[in-house]
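**Q** Mind having a look at this structure? Questions to follow.
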Amino acid sequence: MSDLETADGAGAPHVSVLLDEVVAALDSGPGDVVVDGTFGAGGYTRAILATGASVIAFDRDPTVQRFAAEFSATDGRFRLIQDRFSQITAYLEDASVDGVTLDLGVSSMQLDEAERGFSFMRDGPLDMRMGADGPTAADLVNELDQVELARILYVYGEEHASRRIASFIVKRRGERPFTRTLDLAHVIERALGGRKGAKVHPATRSFQGLRIAVNAELEELEAGLVAAERVLKPGGRLAVVAFHSLEDRIVKNFLAERAGRTPGGSRHAPPVEAGAPPSFQLISSKAIAPGEAELAVNPRARSSKLRAAVRTTAPVWSAA
């Protein structure tokens, strides 16, 4: 998955990012059970199945069903569950799997399908939902007050001109509501004074912020990490690929806390129990980034980071 979209609209075909590194971090083999929490087009699932392991895949996006047929002839080693990865504890018992992997953000497929409404370079309905329910991006930009809209763009999109953009959006929606992606992108572009030859489109951060808010992605990530902690066996491995600083900070802080490296919790979840025995051991103290060879064939990987850890025998941490 990725959050990168070039200003000229050109995009690479779907390629699983840091694939070899994720497979190495999971270290799965025959008899193991691995959760692919973000199935997408099945890139990680395909590589994990090739190690002889079984895969239980999760994805809230109903359109990924078309990719599941490829794995029907795997002797029962593949199962796709149509749900959010934060809900894995509703389907799996505690300490029941050998690995969990998460590939965060919006997928290349979602960006490239204009009808999904994720792209600011392709005209489509202003939707942005990864699933099939809940409010759309159009609902947010047409109904939220200016202060809340600016907050979403600033906090989730890391857009420093959020107040100006929000004022432009509110003024324009007073004339007619937003329904299309390119309409919103053009208003944001005007608010920021045009593109001026920039490689990164002016709407990039705003679209990221709206998408994260629509899909509650940060809350989903927080809950998913806690769920992974519950379902992993001692010695089981967690591998998470993030694409922007908000996601990566949550993963980094979670693993550092659970590995006994730092006190306190993240700003997206209640503080966790202080002084609990470490429930994870870090595989690497630093994030793993893609190499030059991967970046040459898949530019969408450029901001990706992999963090991985091994589950210890310690109990699951509880909320304070």
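The values are calculated or read from the model by the stated rules, or taken from the named source; none is laboratory data. From a predicted model like this one, the values you see are computed outputs, not experimental measurements. Positions of Cβ are generated from backbone atoms using ideal geometry, with glycine treated the same way; all protein chains shown enter the neighbour counts. Note: accessible area is taken over every heavy atom of the protein model, side chains too, but ligands, DNA and RNA are not part of it. Shrake-Rupley method; radii C 1.70, N 1.55, O 1.52, S 1.80 Å.
**Q** Taking the solvent-accessible surface of protein heavy atoms with a 1.4 Å probe, what is the per residue accessible area of the chain in Å²?
**A** On the way: 13700 Å² over 320 residues.
Using a 1.4 Å probe on heavy atoms only, each residue of the chain averages 43 Å².
**Q** Please compute the Kirkwood hydrodynamic radius over region 72-180, one decimal place, Å, based on all pairs of different Cα atoms. Provide the component values of the computation, followed by the final result.
**A** Numbers: mean 1/r = 0.0589 Å⁻¹.
Every distinct Cα pair counted, the radius reaches 17.0 Å.
**Q** Let me ask something else. By the gyration tensor of its Cα atoms, with a ≥ b ≥ c the square roots of the eigenvalues, what is the shape of region 33-120: rounded for a/c under 1.5, prolate for a/b over b/c, or oblate? Don't jump to the answer; show the numbers that get you there.
**A** Working: a/c = 2.12, a/b = 1.53, b/c = 1.39.
Prolate, because a/c is 1.5 or more and a/b exceeds b/c.
**Q** Quick check: with the 1.4 Å probe, what order do R311, R122 take by accessible area, largest first? Each step should come with its number before you reach the end.
**A** Numbers: R311 20, R122 55 Å².
Putting R311, R122 in descending order of accessible area: R122, R311.
**Q** Which ³J(HN,Hα) values, rounded to whole Hz and listed in residue order, are derived for region 160-170 from phi using the Karplus coefficients 6.51, -1.76 and 1.60 in 6.51 cos²θ - 1.76 cosθ + 1.60 with θ = phi - 60°, glycine and proline given as x?
**A** With coefficients 6.51, -1.76 and 1.60, one gets 6, 9, 4, 5, 5, 4, 4, 5, 5, 5, 5 Hz.
**Q** Give the Rg (one decimal place) followed by the Dmax (whole number) of the chain, computed from C-alpha coordinates and expressed in Å.
**A** Cα only, the chain: 19.8, 61 Å (Rg, Dmax).
**Q** Still on this structure, please answer the following. Cα to Cα, under 15 Å, and not fewer than 8 places away if on the same chain: which aspartates and glutamates meet these conditions relative to K233?
**A** D27, D32, E93, D94, D98
**Q** Further, regarding this structure: Please report the carbon-and-sulfur percent of the accessible area for region 64-184; probe 1.4 Å, protein heavy atoms only, DNA, RNA and ligands left out. Could the numbers behind the result be given before it?
**A** Working: 2780 of 5760 Å².
Result for region 64-184: 48 percent of the exposed heavy-atom area is carbon or sulfur.
**Q** For the chain, modelled as a Gaussian network with Cα springs under 10 Å, which listed residue fluctuates most, F39, F178, F243?
**A** Ranking F39, F178, F243 by mean-square fluctuation puts F178 first.
**Q** Just to verify a number: what accessible area does D133 come out at with the full protein assembly present, 1.4 Å probe, Å² rounded to tens?
**A** Roughly 110 Å² of D133 is accessible to a 1.4 Å probe.
**Q** Right, something else. For the chain, what proportion of DSSP beta bridges, expressed in % and rounded to the nearest 5, is antiparallel?
**A** Just about 45 percent of them are antiparallel.
**Q** For K171, what accessible surface area do you get with a 1.4 Å probe? Give it in Å², rounded to 10.
**A** So the heavy atoms of K171 present about 150 Å² to solvent.
**Q** Just reorder R190, R249 by solvent-accessible area, largest first, 1.4 Å probe, all chains present. Walk me through the intermediate numbers first.
**A** Details: R190 140, R249 105 Å².
Listed by decreasing accessible area, they come as R190, R249.
**Q** Another question, if that's okay. What percent do you get for the relative contact order of the chain when only Cα pairs under 8 Å and 6+ apart count?
**A** RCO, the chain: 21 percent.
**Q** If you don't mind, there's one more thing I want to ask. Students sometimes get this wrong: rank H201, H186, H160 by accessible area, probe 1.4 Å, all chains present, largest first. Could you put the intermediate results ahead of the total?
**A** Working: H201 5, H186 90, H160 160 Å².
So, going from the largest accessible area down, we get H160, H186, H201.
**Q** Moving to a separate point now. Assigning unit charges at the beta carbon (Lys, Arg +1; Asp, Glu -1) and nothing else, what dipole magnitude in debye, to the nearest 20, does the chain show about its Cα centre? Intermediate results must be reported in sequence, preceding the final value.
**A** Details: 37 positive and 43 negative charges, 189 e Å.
Taking the Cα centre of the chain as origin, the dipole is about 900 debye.
**Q** With axes computed from alpha carbons, what is the tilt in degrees of helix 146-155 against the longest principal axis of the chain, rounded to the nearest 10 within 0 to 90?
**A** The angle comes out near 40 degrees.
**Q** Please list, ordered by chain and number, the residues whose modelled amide H lies under 5 Å from the amide H of R180; skip anything fewer than 5 residues away on the same chain.
**A** The list, which skips near neighbours in sequence, is L126.
**Q** If you plug each phi of region 44-56 into the Karplus form 6.51 cos²θ - 1.76 cosθ + 1.60 with θ = phi - 60°, what whole-Hz ³J(HN,Hα) values come out, in order, with x for Gly and Pro?
**A** Per-residue couplings from phi come out as 5, 4, 4, 5, 5, 4, 5, 7, x, 6, 9, 10, 10 Hz.
**Q** G235's amide H: which non-local residues (gap 5+, or another chain) put their own amide H closer than 5 Å, with H modeled 1.01 Å from N in plane and none for Pro or chain starts?
**A** Under 5 Å from the amide H of G235 lie the amide H atoms of R311, T312, each far enough along the sequence or on another chain.
**Q** Give a residue-ordered list of calculated ³J(HN,Hα) values for region 58-70 (Karplus: 6.51 cos²θ - 1.76 cosθ + 1.60, θ = phi - 60°; whole Hz; x for Gly, Pro).
**A** Each residue of region 58-70 in turn: 10, 6, 7, 7, x, 6, 6, 4, 5, 8, 6, 4, 4 Hz.
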